[in-house]
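Encoded as structure tokens, the structure appears first; notes follow it.
Read the figures in this text as sums done on the coordinates, not as results from a lab. Nothing here was measured: the structure is a model prediction, and the numbers come from that model. Cβ: placed from backbone, ideal geometry, glycine included. Neighbour counts: every protein chain shown.
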Amino acid sequence: MQLAQRYGFEVDPHERIDDLSMGERQQLELLRLLAGGAHVLILDEPTTGISAEQKELLFDSMRTLAREEGKTLILVSHKLDEVQELCDYAYVLRKGRHVGGRSLPCPNPELVALMFEQLPPRPARRNTTQTETVLELQAVSVRSTRLELEPVSLQVQAGQVLGLAGLEGSGQELLLRACAGLLPLAAGRLQLNGTSAQLHWDYPTARRHGVAYLAAGRLEEGLVAGLTLTEHMALVNKAHGLLVDWAHSRQQAAEHITTYQVVGQPESYIENLSGGNQQRFLFAMLPKDLTLILMEHPTRGLDIRSTDWIWEQLDARRSTGTAIIFISADLDEVAARSDQIAVFSGGRLVRTVAAAQTDADELGHLIGGAA
Amino acid sequence: MDSTQLIAILGSIVLQAAPLIIAVCGETISERAGVINLSMDGSLLLSALAGFVAALLTGSLLLGFLAAAAVGALFAAIVAFGSLHLRQNQVAIGFVLAMLGDSLSAFLGQSYTRLPGPSVPSWHIPLLKDIPVLGPIFFRQDAVVYFALLLVLVTWWFLFRTRAGLELRSAGERPEAAFSRGVAVRKLRYLYAILGGALVGMAGAAYSLSVKIGWAEGHTRGMGWIALAIVIFGGWSPVRGAIGALLFGATKALATLLQRSFPQVALVAFNAIPWLLMIVVLLLVSGKLAAPLLARAPAALRRPLRSLLQAAPPAALGQPLDES
Amino acid sequence: MHKKGILFVALVALLLAACGSGGASGEGFTFGMILVGPQNDHGWSQAHYEGGQYVVEHLPGAEMIVFDLLNPADKPEATLEGVVDEMVAQGATLIFTTSDEFEEDTTTVAAKYPDVTFVNISGDDALTGEGPANLSNVMGRMEEMKAIAGCAAALTTQTGQLGYVGPLINHETLRLTASAYLGARHCYETYRGEDPDDLEFTVSWIGFWFNIPGVTSDPTEVTSSFLDTGVDVVLSGIDTTEAINVAGQRAAADHAVWAVPYDYLGACENAPSICLGVPFFNWGPDYLAVATAVAEGRWSQSWLWNGPNWDDLSDLSSTSVGWLNGPGLSAEAAANLADYISKLASGEVAVWAGPINLQDGSAYIAAGAVGSDEQIWYLPQLVEGMQGPSQ
Amino acid sequence: MSAKPSFLQRIWPLLPGLAALLITTLLLVVMGTDPIDAYLAMWQGAFGSSARIYSVLAFLVPLLLAASGLLLTFKAGLWNIGIEGQIIMGAIAASWVALRVQLPAGLQIPLELLAAMAGGAVWALLAGVLKTRGGVHEIFGGLALNNLAILFTNYLIAGPWQPPEGGSFRGTQPFGAHALLPLFDNSRLSLLSLALAVLAFAGVALLLTNSHWGLRLKALGQNARSAFLLGVSSQRELLLAMALCGALAGLGGGVRVLSWFDSLRQSISGGIGYLALMVVLLAGFRLVLTPLVAFFFSAVLNGSITLQLRTQLHSALGDILTGVLVLLVLLFGNYTRVQRVVLRAAQAARRRLSDG
């Protein structure tokens, strides 16, 4: 308690952790570390999900720590303003490499240039966007225990690719899961192909309407460890009769293995495949005619070959009128693969931009919190 | 019924709930550290036998309780070893031990059936016994009751007011986090599972040496499962668990009284009350019913209501942690 | 396997032949005894077990095969039929099935083995003619002993409240419980000069002959509840000793309470100082008579409801049922009780002397009449004045 | 860790059996009984005559039915401990038909068996709904329902279904001969029920290995979240698994009243449900092993009756033998896990030695 007063924190020690806001939890964690006698503090995105007011409070105490008590602080952040405001020196890392550093403050564009290398010239993308609207959100808000997504309104046309950019936990995941029917809408309307589905929008309904959802954690949410490829095939096939036609499922699995270039056998257990091959197989299991594909980090952890291959597949679907919404932490991917980009920050849809009219610079700024 | 009788009934409820309270505290400690000891029912039976036989043969009540604690600790150690070292399913091992304890007690206890033997003498606590109402209910009992009451307080204080208790709980809630902060999770889990098991064993001896003196086949059958349910009802808190045990005892006492008052109602209706109650209570504390109820409650009431109703198990209950 | 089976049967036949030639002595005579509870329960089952041992001691060469705890809760894999099969295979020519629970099954199995003699305890199939010719029934005439137990309780109570821990409700338990009440009523009035209607006598049924956790009421708790609510003498009607255990524990904590156990001569051992006495079964002499008759080949079907040796209720060589004063009985009460016993013995006083009404108020035995065996055996309800369920 | 299994690895599965035998032998020696006599008595009790073998098979029927049902619920990741109550409710439902319905011979028994299945299924669904809708763990919901089923039996046999002569708590009056399953060769074995049990097991095996539904159950049991995302409706499948398991268990209960006994009795199951759980655990949820293990259990338990008659030892010895066996297999059955633990312990010891 003494510590809390020293740093100007207001944390009720009798509250349960689940009842604390994210900001309060951060303060608590900081207190805990300080009470333990830490001299070097590493803070990884400490402002995620906390209010501006709480952020000021947190930064004040961090300054106190550094200036008056001689503690060393290392801040890991995506938000340029924060870095500029708080830090003395910034190291920039990109794709696992240290690419440079600057004494702060320095002009923002310098940092951004370091963070996002010049985008390579984009391959000519066919624009397959059609006129009819597949998905329309009207003032949709979604709530989770940690974050509330402010009302979002947007439209996605058939054949269009909408990329959702933003730091993890900025609200884009909530939106995607709400569209898949995995989270209830706190408010607003969701229309798919013009039918309002506000009331009974759940995952099975979404599936029936041709919506597919691919989660980030493939073995946690998507594939069943302990089942073979053939068994997965049989599981997703529409059941004809009571018994599984194993020969057919095996043949199907074999066909998909060839078509989707999966390294594995029909008898292989899915958990024994590499991440790229698991993702390929997930794609192989998607039904043929889909209205909308929702994806979290579709190419995370995959090599370049698998990445390209997956986008080829998606492009092929796009050209038949399937709309795609995806989340990626890779700005290059978002910029290169999307038609439209919706940028999220702190539980808010900051702006929707046409991919052709933006660049990494602008995206970086938007993500960093500048409206 | 006059007030003296009511006080006498309440006193009996406290006595009969005492072993249950001890067992609930033991299991609460174990589960808070992340280990479900589902073997309780068999472990209670075998330790009740061990406690009675040891006390009968040596003439020492203390040795009886120690022998019972050893049996309970052994059962818990097997569950812990199977899950923490061999990474097998705790529920399965616990269930098998529950069955095995039952048959072992029947087999080994055959020649000790219904023998007259030692029992814990009643001892009234000076001064406290003279407090009106509370005195006769709580302080004119035997050492087992005092131990149970003290155990509730000590367990609560230990779990929620000491650093070691915090580490214990962290081993059950977020073992990875605890491990990364230098807590020897596996060692702690062993320690508290075995300690909890020893308490369950003492609860067994409390039955055979105080509450249901002597030994007979199936002496405490069913009480272990009830204790496990009370741990859930108690929201993994010894205080709430003790209240749960007392409430359970009260319903049983009430059932006995009601049977005499309403002879026309079928006998089994009253015997069914505890089991119906078990279902209702578990329905109430489960998140599925409690959460919407809580969400609708006014904010000021939410916290007290939640501490009354809601019960989230330790997050990593029953889950292994790879420390290597 | 089948060949082995035939071999087995041949072996049995040999054994049977051997036993046939054994004649009067009991040499090679084997009998089986099936118990519902454990053979050392200090109650009903132990009394039978010791009755069996009495036979072994007094019939030279006789051998006993025992199977205890035969009830589906304890042994789902065992049936009376299966156990009898095995006993017959081991050469038993006489089998005692010692519980009301076994009545129907004994009749069925007796038809399967017409050459083996079956004795079911407490049943009435030999009386009603439902049983085959190789089945008989034996029961001890416990009613007067229960009345004596009730009398001892009434002579001792200070609160005027008696509690009876009953097993389950059937004719046998109804008549025994009612007998205890009638004895208590008589003595409360005769020796203490109180109004017998002031005597509270409450019955609490646990649901089975002994405690099955989770299924029956717990007799420990039932007894506690009695003692908590003003009852100071508890009578037991169940197979086991919980009532006297709990009362003993209370007495050790300086409460003025007493208990009357049941069934087994040694049942007072559990808490002698507060034991008023025990109405007990002494199966030995009756079992010996049956066993001797079977061994000598002169057995014939019968329905036995044998009474005590009124000259000496504790003469174990002659009495079928008995009463033994306990150390907890005061000298004054003992004197009154002796008087009551002598009057029962002489026939001056009858337990079931009218007028007796049933619990629902209907007349059962008219004033001046004494209940017939039939009326007593098939008592349909508790009698008027008793508290507790009749069905 | 060589590719070729070592000698130890090859004989590993036998070791728990040997150890269990050793432990029970020790118990026997401590109790002063000649182990050879004891095991011989058990053997003869199970296989000593054709009558004994019929008895083993008759006891096997409900055990195998319940174990088959449990294969389904375990596959879906459920601990259906309430199976004991499901057996009892099946027995009650069958008894209801046997006591209260009079039908032509060809219909009476099929209706009784169907009622038994329905009774078990309803009780299982109750536990299932308590879990899926009420959030009550199936272990505790099941235990409570088990006891309620036992009490319900007691209510019936002491109340509305009391035999006409009144009194006895033993059970209802024996059912009419037309209502009972035809028995084989003066034993308690009904060949019809044995055939049904074998059929049920085969059906379960087929469902689990070859049906879409079985595959969905497997997916649910392995990873409920992924299964849901792949379109498996967890509530419906879990309830269906419970209902089917309950139906098989209930059928077992029906067989108990219609052939093992001839009436509804208190504790009609007496723990067969719990035994079935042990059977499936010992079989390691493997299809092929389940009927073998069930047969083994039935033989041991039947043998222990003879054991008790010959040696005066408590027949719980059979339960101890099987219980120790299940425990040892659960703990040490997996060679590689044990090997890893031993290797690690050895490493740690070596490190400590070299450090100290």
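At 1.002 mPa s and 20 °C, plugging the Kirkwood radius over alpha-carbon pairs of the protein assembly as shown into Stokes-Einstein gives what diffusion coefficient in µm²/s?
D, rounded to a whole number, is 60 µm²/s.
For the range A:177-283, compute Rg over Rh where Rg is the Cα radius of gyration and Rh is the Kirkwood radius from the inverse mean 1/r over Cα pairs.
Here Rg/Rh amounts to 1.06.
What is the distance in Å between the Cα centroid of the range C:170-248 and that of the range D:142-167?
Between the Cα centre of the range C:170-248 and that of the range D:142-167, the gap is 24 Å.
Return the sequence-ordered ³J(HN,Hα) values of the range D:125-142 in whole Hz as given by the Karplus equation 6.51 cos²θ - 1.76 cosθ + 1.60 applied to θ = phi - 60°, using x for Gly and Pro.
Once θ is set to phi - 60°, the couplings for the range D:125-142 become 5, 4, 4, x, 5, 4, 6, 6, 9, x, x, 8, 4, 5, 5, 7, x, x Hz.
Once amide H atoms are placed 1.01 Å from N in the peptide plane, what residues at a sequence separation of 5 or more from A:Ser141, or on another chain, have their amide H within under 5 Å of its amide H?
A:Val152, A:Ala186, A:Ala187, A:Gly188
Across every pair of different alpha-carbon atoms, what Kirkwood hydrodynamic radius in Å does the range B:106-185 reach?
So the Kirkwood estimate lands at 16.5 Å.
Kindly point out which whole DSSP H helices in chain B project their C-alpha atoms 24 angstrom or further along the helix axis while averaging a Kyte-Doolittle hydropathy of 1.6 or above.
Flagged H segments are B:40-58, B:61-80, B:90-108, B:143-161, B:267-285.
Taking a cut-off of 12 Å between Cα atoms, list the aspartates and glutamates near D:Lys218, but don't count ones fewer than 8 places away on the same chain.
By straight Cα distance, D:Lys218 reaches A:Glu231, D:Glu237.
What do you get for Rg/Rh over the range C:43-199 if you use C-alpha atoms and the Kirkwood form of Rh?
Value, to two decimals: 1.09.
Using only the Cα atoms of the range B:67-122, build the gyration tensor, take square roots of its eigenvalues as a ≥ b ≥ c, and label the shape rounded, prolate or oblate: rounded if a/c is under 1.5, else prolate if a/b is larger than b/c, else oblate.
Prolate.
Which links in B:Lys187/B:Lys288; A:Lys288/D:Lys75; B:Lys212/D:Lys131; C:Lys75/D:Lys75; B:Lys129/B:Lys187 stretch past 32 Å when you go from one Cα to the other?
In this structure, B:Lys187/B:Lys288; B:Lys212/D:Lys131; B:Lys129/B:Lys187 exceed 32 Å between Cα atoms.
So what's Rg/Rh here for the range B:1-152, counting alpha carbon atoms and using the Kirkwood radius for Rh?
Rounded to two decimals, Rg/Rh equals 1.05.
If I take the Cα coordinates of chain C and project them onto the principal axes, what are the three extents in Å, biggest first?
Result for chain C: principal-axis Cα extents of 72, 43, 38 Å.
Quick check: pseudo-label points 7 Å beyond the Cα along Cα→Cβ at A:Thr258 and C:Asp115, how many nm apart are they?
Rounded to a tenth, the inter-label distance reads 7.7 nm.
Each residue of the range D:192-205 in order: what ³J(HN,Hα) in whole Hz does its phi give by Karplus 6.51 cos²θ - 1.76 cosθ + 1.60, θ = phi - 60°, with x for Gly and Pro?
4, 5, 4, 4, 4, 5, 5, 4, 4, 5, 4, x, 4, 4
Between C:Val203 and residues 5 or more places away or on another chain, which pairs have amide H atoms under 5 Å apart, with H built 1.01 Å from N, and which residues are they?
It is C:Tyr164, C:Gln387, C:Gly388, by chain and number.
Let me know the charge dipole size of the protein assembly as shown about its Cα centre in debye, to the nearest 20, where only the beta-carbon of Lys, Arg (+1) and Asp, Glu (-1) is charged.
For this selection, approximately 5800 debye.
How far is helix D:289-311 tilted off the main Cα axis of chain D, in degrees rounded to 10, range 0 to 90?
With rounding to tens, the tilt is 80 degrees.
Dividing the alpha-carbon radius of gyration of the range D:158-227 by 2.2 N^0.38 Å (N being the number of residues), what value is obtained?
1.90
Which FRET efficiency value, to the nearest 0.05, do you get for C:Ser300 and C:Glu57 by plugging their Cβ-Cβ distance into 1/(1 + (r/R0)^6) with R0 = 25 Å?
My answer for the efficiency is 0.50.
Just to compare against my own numbers: the Cα pair-distance distribution for the range B:3-309, 10 Å bins, whole % per bin, please.
7, 25, 34, 25, 9, 1, 0
Any chance you could give the angle, 0 to 90 degrees and rounded to 10, that helix D:234-255 forms with the longest Cα principal axis of chain D?
Approximately 60 degrees, to the nearest 10.
Against the longest alpha carbon principal axis of chain D, how many degrees, from 0 to 90 and to the nearest 10, is the axis of helix D:335-355 turned?
30 degrees
Just for the Cα atoms in the range B:196-247, what are the lengths along the principal axes, largest first, rounded to whole Å?
Sorted largest first, the three principal extents are 32, 18, 18 Å.
Note down the nm distance, to one decimal, between modelled labels 7 Å out along Cα→Cβ at D:Leu107 and at C:Ala334.
That separation, rounded to one decimal, is 7.3 nm.
Short version: ³J(HN,Hα) in whole Hz for each residue of the range C:116-124, in order, from phi by Karplus 6.51 cos²θ - 1.76 cosθ + 1.60 (θ = phi - 60°), x for Gly and Pro, what are they?
3J(HN,Hα) across the range C:116-124, in whole Hz: 9, 8, 10, 10, 9, 8, 6, x, 9.
Of all beta bridges DSSP finds with both residues in chain C, what is the antiparallel percent, to the nearest 5?
Within chain C, antiparallel bridges account for around 20 percent of the total.
How far apart, in nanometres, would the label points at D:Gln339 and A:Tyr91 be if each is projected 7 angstrom from Cα along the Cα-to-Cβ direction?
In this crude label model, D:Gln339 to A:Tyr91 measures out at 4.3 nm.
Amide H of A:Gly100 versus every other amide H placed in the peptide plane: which residues, excluding those fewer than 5 positions away on the same chain, fall under 5 Å?
Residues meeting the amide H criterion: A:Val92.
Using only DSSP helix segments of four residues or longer, with each worth -39500 (n - 2.57), what per-residue ellipticity at 222 nm results for the protein assembly as shown after dividing by its residue count and rounding to 500?
Taking each H run of at least 4 residues, the total per residue is -17000 deg cm²/dmol.
Show me, bin by bin at 5 Å from 0, the whole-percent P(r) of the range D:34-312 based on Cα pairs.
So the P(r) values, bin by bin, are 1, 6, 12, 16, 17, 16, 13, 9, 5, 3, 1, 0, 0.
Can you give me the orientation-averaged projected area of the convex hull built on the Cα atoms of the range A:269-371, in nm²?
Result: 7.5 nm².
Binned at 10 Å from 0, what are the whole-percent values of the Cα-Cα distance distribution for the range B:92-150, short to long?
19, 25, 22, 23, 10
Can you give the % of DSSP beta bridges in the protein assembly as shown that are antiparallel, to the nearest 5?
Percentage antiparallel, nearest 5: 40.
With charges set only on the Cβ (+1 for Lys and Arg, -1 for Asp and Glu), what does the dipole of chain B come to about its Cα centre, in debye to the nearest 20?
740 debye
Under 15 Å from the Cα of A:Lys238, which aspartates and glutamates turn up, not counting those fewer than eight places away in the same chain?
The qualifying aspartates and glutamates are A:Asp289.
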